[in-house]
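To start, the structure itself, in structure tokens.
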Amino acid sequence: MGDYWNKRFTEEGMIWGCEPSQTVTQAIDLFKKNNVHDILVPGAGYGRNTKAFSSYFQVDGIEISSSAIDLAKEWDLKTNFIQESVLEFSTCQRYDGIYCYDLLHLFLLEDRKRLIQNCVKHLKELGVMYFTCFSNCDFNNGVGREIEEGTYEYKEGKYAHFFTEEDLKEHFNDLNILETGSIRETLIYAEKQQKKYELRYIFVQKIG
């Protein structure tokens, strides 16, 4: 996966433009209400979302692509970027909050569980997490070869899991689920092309 993203970021640069996801505004509000001071962003990319967070919080970003980190360090000077796999990173630091944007659906079931478990491990007691992922209402759901239940190779060499609300809640059933919802996300690519995606989000808290 690292080679794929290195190639894309090297060739395409800031692929999705400069504006953060609209989910960032909601996450910032929820983090503030839950007294968050520091956050971790797995799959930070080139810092499109971390830059908005770093205006309010201390931010660490995990990113596997060295090309993305090179871009991120020029774009977001406040965030600390760490080159590592989101499935394998480990640090002694524990965070008040975690924001994970459109990463969970890129993995098969066992690795989705690993990602969530690794995030929970790096969360303080009563810490909160905000995750987004593809919805089963997205137009790509059901397109291509089914690899696992709900997971399709919708483009050659590229697969994704499409979550129902129940499926998403089940992934986080060991945590206190505070809020779930759906949102239509518009991505504006560097070449000004627009694509719309149906996303789900979940906001959870670590207790006990």
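The values are calculated or read from the model by the stated rules, or taken from the named source; none is laboratory data. Values in this document were obtained by computation on a predicted structure and should not be read as measured data. Every residue, glycine among them, receives a Cβ derived from its backbone with ideal geometry; neighbour counts consider all protein chains shown. Only protein heavy atoms, including side chains, enter the accessible area calculation; ligands, DNA and RNA are left aside. Shrake-Rupley method; radii C 1.70, N 1.55, O 1.52, S 1.80 Å.
Quick rundown of the values:
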item: Among (1) modelled with pLDDT of 95 or more; (2) under 24 Å from Glu88 (Cα atoms), the one test that Gly157 misses; result: (1)
item: Inter-residue pairs, beta-carbon under 9 Å, first polar (S, T, N, Q) and in segment 140-153, second open to solvent by 50 Å² or more (accessible area, probe 1.4 Å) and at pLDDT 95 or above, 6+ apart; result: Thr151/Leu108; Thr151/Leu109
item: Selection from segment 168-181 of residues that are under 17 Å from the mean Cα position of the chain (by Cα), touching a residue at least 24 places away in the same chain (Cβ under 8 Å) and surrounded by 14 or more Cβ atoms within 10 Å (Cβ to Cβ); result: Leu168, Lys169, His171, Phe172
item: Qualifying positions in segment 188-201 - open to solvent by less than 40 Å² (accessible area, probe 1.4 Å), touching a Gly at 6+ places or on another chain (Cβ under 8 Å) and at pLDDT below 95; result: Tyr189
item: Verdict on Ser85 being of a type outside the set (Asp, Glu), within 14 Å of Leu115 (Cα to Cα) and out of contact with any Asp or Glu (no Cβ under 8 Å at 6 or more places or on another chain); result: yes
item: Breaking point among (1) over 16 Å from Leu109 (Cα atoms); (2) in a strand (DSSP E or B); (3) over 17 Å from the mean Cα position of the chain (by Cα), for Glu153; result: (1)
item: Every residue from segment 66-93 that is of a type in the set (D, E, K, R) and open to solvent by 90 Å² or more (accessible area, probe 1.4 Å); result: Asp70, Lys73, Glu74, Lys78, Glu88
item: Contacts under 8 angstrom Cβ, first residue in segment 88-105 being within 8 Å of Leu40 (Cβ to Cβ) and aromatic (Phe, Trp, Tyr), partner open to solvent by 50 Å² or more (accessible area, probe 1.4 Å) and not in a loop (DSSP other than H, G, I, E, B), 6 or more apart; result: Tyr95/Lys124
item: Positions within segment 158-167 being surrounded by fewer than 20 Cβ atoms within 10 Å (Cβ to Cβ) and touching a residue at least 12 places away in the same chain (Cβ under 8 Å), in sequence order; result: Tyr159, Thr164, Glu165, Asp167
